[in-house]
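Participant: Please find one structure pasted underneath; my questions will follow.
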Amino acid sequence: MNITSALPTPSAPRATGSDKTFNNNPQDPDALPNDVVTIPNVSANAGKPSTDTVVLDNKKAIFVMGNLVGLRPDPKYKLTPNEDGNYVYPQGHPSATGANVFGAAAATVNKYNEVLGELTGKQIEWSFGDKQLKLSPETGEWPNAFYARQFKGVHFFDYKTTSTGDSGEVASHETGHAVLDAIRSGFMEGSGTETGAFHEAFGDSLAMLMTLGNAKAVEAIVGQTEGGDLSSKRNMLSDMGEAFGNVLGKEGGIRTSFNNFVYADPATLPESGDQDHLGHEIHDFSRLWSGAFYDVLDGIADANRAAGMSPKDALLAAGEEGWKLLVGQMENSAVSSETTFKEMAVNLLAGDAQFNGGQRQELIRNVMVRRELLPKDAEPAPPTMRLFQGESVPQQFTFGQDAGTLAGVKMTSLVESSPFGLLRGEDSVIAEAEKGARLMVADGKVLFSEQTPSFGDFFKADGGVYSAYVAPNAQGEREFKRIPMAFCDFGHGPDQVHDHEGHSH
C-alpha cells in the first residue's frame, strides 16, 4: 500500500559525526531514574541529530474534529546540544523526551545490528528503502505511539503528565516494529492474529533485552525480586510502560510478561482478556509469547546463578545470550506474510542450535511445552541452516460465500519458496491469514471503502484504529489489504477525549 504524507520531507544525509551522549531511560520515569547512553557516529545536523541508521525528524499530528488525519513536517523542532556537545537534560526539560527517544532508538538499532553482524555478517535494511529510520518524539497530544512504514518512522505522543517518548522501553518497542518490518517485511502485511501478536511480542522482547543491558536497571530488578529470580514477583522487566499505564489507569503498566498463559486458538477467545485470561486482540494475545520469552530469560539467569554468578551478572549475561536467541530465531523464521507462535517456538530452538551452541534446548523445550507451544515429545533442533531460504511468492485466494461481508473478496498472502521451487506451507499460511481477517471483521477492525482510503480514514471517531481495509483494486475487484502500521492502540474511547493541544513537560 502506498499512502504518503501530503508534505513529504527529503531523507537526511548520512551521518559522519562523533560519539555523543543522550538521555536513555531503559524503562520510564515511573520505574527508574534517568540514565544516559553514548551513541557513536552522531552528526549534529543543524538540530536534527542523526547516525547512519536513524535521524531526528519530528512530525506534527493533524487532528480534525478529534480524529488524526495526517502528519506534517515540523521544521521548528530541534534538539540543541549542551555546551559539551552532548544531549543530556533533566526530566521535564523540553528536550528530554527527544533526547530519550533518540538515545533509545539509536541504541536499539545499533545493538540489533551488532548481534546480527556478529552472527551472520548482515545489517538490517529498512523496509521503506531509506537508509535512516525517522524519529518523531513530539508528534502531538494522544495516548499512543506508532510505527508507520509509509511515514518511514516511529512517532511518540504526550498524554497528561507523561509522554510515550519518555519511556525507553516504549521507544525500543516501537523501534522493534521497524526492525521486524526490515527483516521480515511480510509480517506487517499479514492478517493473522498470531502474526500481529508476534509483532507486538517482538517489540516487548527487544525492550526487555535493552533493559537487561543497563547495569542500573539490572541492579533495580535484583532489588525488586528475590535475589534476581525473575519468577519470584512482577518487576520493571516484566511490566511494559509503567508511566503510560499509570496515566491510563492501568497500574503496573499497559501489560505484563509475568504470566502463565498457555496456547489457545485465538478464534476461540474473546477480543479482550484480563490479568488471568487471554483475548485475541493482538496486544492482548502477545502476552503469551512475551511471557514465554521472559521465562526463557528467567531460566538462563537461574542457570547462571547456579553456576556461581552474582544475581546482577547472571541477569546481564542472560540478556546478552537472549540477544543471540532472538536474532537467531528470526534468522530461522520464514519470510512469508504469516507466522504462528508454535512456529516461532521451533524457530527459537533452531536459533539456539545454530547460533548459541544448543545450550538452551532443554530450557526452551520445557518453557514451550508448559506454554503448550510445543508437543511434549519435541525433538532438539539440529545445528543446521534452515531449509527454506528463497523469496516470498504472492498467492491469491478468494473468500467463500460463508465469509459474510468478506464473501468474494480477494486476498494475497506471501508464501516462502525454497531454492528447490517448493512452497512452504501454502495452505497453512492462507488459512492463518483468512482466520485473522475474519476476526478483524468481527472486531470492527476492517474499513470497507469504495476507493483506496487515505491515512485519516484509518482512524475511528472514538480514537480507535482500523487494522485493514477492503477496497477495489486496479482490476475493480474488492481486495483485502492490511494497513502497514503498528499502534499501541491504548486509551481510546469516549471516556478519554482530549484537545490535542500538546503540553509542556
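Computed from the coordinates by the stated procedures, all read-outs in this text should not be read as laboratory data. Small disclaimer: the values here were computed from a predicted structure and weren't measured. All Cβ positions, glycine included, derive from the backbone under ideal geometry; neighbour counts span all protein chains shown.
Participant: Hydropathy first: keep DSSP H helices in the chain averaging at least -1.0 on Kyte-Doolittle, then drop any whose Cα extent along the axis falls short of 27 Å, and list what survives.
Facilitator: Values: long enough: 96-120 (35 Å, 0.31); 193-212 (28 Å, 0.44); 282-306 (36 Å, -0.03); 311-331 (30 Å, -0.11).
Helices meeting the span and hydropathy rule in the chain are 96-120, 193-212, 282-306, 311-331.
Participant: Going by C-beta contacts inside 10 Å, put VAL441, VAL327 in order with the fewest on the left.
Facilitator: Details: VAL441 20, VAL327 26.
Sorted ascending by nearby Cβ count, the order is VAL441, VAL327.
Participant: Would you list, by chain and number, the lysines whose Cα falls below 27 Å from the Cα of LYS76, excluding same-chain residues fewer than 8 positions away?
Facilitator: LYS20, LYS48, LYS59, LYS60, LYS131, LYS134, LYS152, LYS160
Participant: Can you give the calculated 222 nm mean residue ellipticity of the chain, where each DSSP H run of n ≥ 4 adds -39,500 (n - 2.57) and the sum is split over every residue, rounded to the nearest 500 deg cm²/dmol?
Facilitator: Working: 10 runs with 165 residues, N = 505.
Helices in the chain give a 222 nm mean residue ellipticity of -11000 deg cm²/dmol.
Participant: Then there is this: Given axes a ≥ b ≥ c from the Cα gyration tensor, I'd like to know whether region 193-443 is rounded (a/c under 1.5), prolate (a/b larger than b/c) or oblate. Can you show the working numbers first?
Facilitator: Working: a/c = 2.40, a/b = 1.39, b/c = 1.72.
Since a/c reaches 1.5 but b/c is at least a/b, the shape of region 193-443 is classed as oblate.
Participant: Another question, then. Hey, got a sec? Which GluC sites (Glu not before Pro) in region 168-209 land in a DSSP loop and have at most 11 other Cβ atoms within 10 Å? Numbers along the way, then the final one.
Facilitator: Working: sites: GLU169, GLU174, GLU189, GLU194, GLU200; in loops: none.
Of the GluC sites (Glu not before Pro), not one in the loops of region 168-209 has a Cβ with at most 11 other Cβ atoms within 10 Å.
Participant: Using the count of nearby Cβ atoms within 10 Å as a rough guide to exposure, how do SER392, SER172, SER449 rank from fewest to most?
Facilitator: In increasing order of surrounding Cβ atoms, one gets SER449, SER392, SER172.
Participant: Within region 392-491, report the GluC sites (Glu not before Pro) that DSSP leaves as loop and that have at most 10 other Cβ atoms within 10 Å.
Facilitator: Details: sites: GLU416, GLU426, GLU432, GLU434, GLU450, GLU477, GLU479; in loops: GLU450, GLU477.
Here the sparse-neighbourhood loop sites are GLU450.
Participant: First check a/c for region 1-183, with a ≥ b ≥ c the square roots of the eigenvalues of its C-alpha gyration tensor; if it is under 1.5, answer rounded, and if not, answer prolate when a/b is larger than b/c or oblate otherwise. Present the calculation step by step, with values, prior to reporting the outcome.
Facilitator: Working: a/c = 1.38, a/b = 1.07, b/c = 1.28.
It comes out rounded by the Cα gyration axes.
Participant: What net charge is computed for the residues neighbouring ARG478, neighbours being all others with C-beta under 11 Å from the C-beta of ARG478, Lys and Arg scored +1, Asp and Glu -1? If you can, show how the numbers build up before the last one.
Facilitator: Working: positive: LYS410, LYS481; negative: GLU450, GLU477, GLU479.
Taking every Cβ under 11 Å from that of ARG478, the sum is -1.
Participant: Cross-chain or 8 or more residues apart, Cα under 26 Å: how many lysine pairs in region 193-443 fit that? Count them up, please.
Facilitator: Count of close lysine pairs: 13.
Participant: Can you list which of the trypsin sites (Lys or Arg not before Pro) found in region 108-138 are DSSP loop residues with at most 12 other C-beta atoms within 10 Å? Walk me through the numbers before you get to the answer.
Facilitator: Numbers: sites: LYS111, LYS122, LYS131, LYS134; in loops: LYS122, LYS131.
Those satisfying the criteria are LYS122.
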